[in-house]
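What follows is calculated from the coordinates using simple rules that are stated; it is not laboratory data. Fair warning: this is a prediction, and the values are worked out from it, not measured in the lab. For neighbour counting, all protein chains shown are included, and Cβ atoms are generated from backbone atoms with ideal geometry for every residue, glycine included.
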Amino acid sequence: MKSIREVHSEGEDWLETHPFERWTLHQDEGYRYGITTTNMGECLNGLYVGLRAMPISSIVLHTFFRTVTWFIERYQAAYQMLNAGIYIPKKITDDMKPWSERAKWHKVTLFSRRDSRFAVVTGSGPDSSKGGNAQTGILDAKNGIRECTCGKLQGRHLPCSHAYAAARSVNLNPLILVSPYYKTPYVVRV
């Protein structure tokens, strides 16, 4: 931080107002879907447990066959979900439940109905002292524009509580804000 202050003191002030966990995702323009390099490294370390002493060719073969197995397992699971009429996996809907619940306490001001420009003031809910933050964004499903100043909508490619509240205020199903990459038909196509 000291070297940042020497170069740009306002930059340090700005960084201190944002949680450290978010720094690596700040300028990725949403391409990493909330995945940080450290998380991916930990996943790969799990794949290579017990392989470190093996020849590189064996490690490459193991990685290839393990990856193929994972794709087949995930395809079969997605195909079963699709046949059962499940278009968004349970893990994703479970992850979104808290945001949906929080959205019930938000107050939405709609600036433009045509492209759903909105401002949301977060509510505290019955059991929390939080709330009062303001976020703005655009939910233009027709043109594929989905933005919220909290950054969660763009970073996770899943609706944040602000997007949930804004979508509901214009009778838009918040589930259309879920990236197609999370949806079962997309997994089956892969």
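Worth pointing out:
- Two-decimal log10 I(q)/I(0) for region 90-182, as the Debye equation yields it once each C-alpha is a single scatterer, q = 0.15, 0.16 Å⁻¹: -0.50, -0.58
- The Cβ shell under 12 Å around residue 4 holds other residues with a net charge of -3, Lys and Arg each +1, Asp and Glu each -1.
- Listed by Cβ neighbour count within 10 Å, with the fewest neighbours leading, 148, 43 appear as 43, 148.
- Taking only the Cα atoms of region 39-83, the radius of gyration and Dmax are 13.5, 43 Å.
- Local charge for residue 189 was computed over the other residues whose Cβ lies under 15 Å away, with Lys and Arg +1 and Asp and Glu -1, and equals +2.
- Order of 58, 161, 169 - criterion: other Cβ atoms within 10 Å of each residue's Cβ, fewest first: 58, 169, 161
- Per-pair calculated FRET efficiency, R0 = 22 Å: residue 179 and residue 149 via Cβ, rounded to 0.05: 0.70
- As a rough footprinting exposure proxy, the listed residues 67, 17, 149 were ranked by other beta carbons within 10 Å of their own, and the order from fewest upward is 17, 67, 149.
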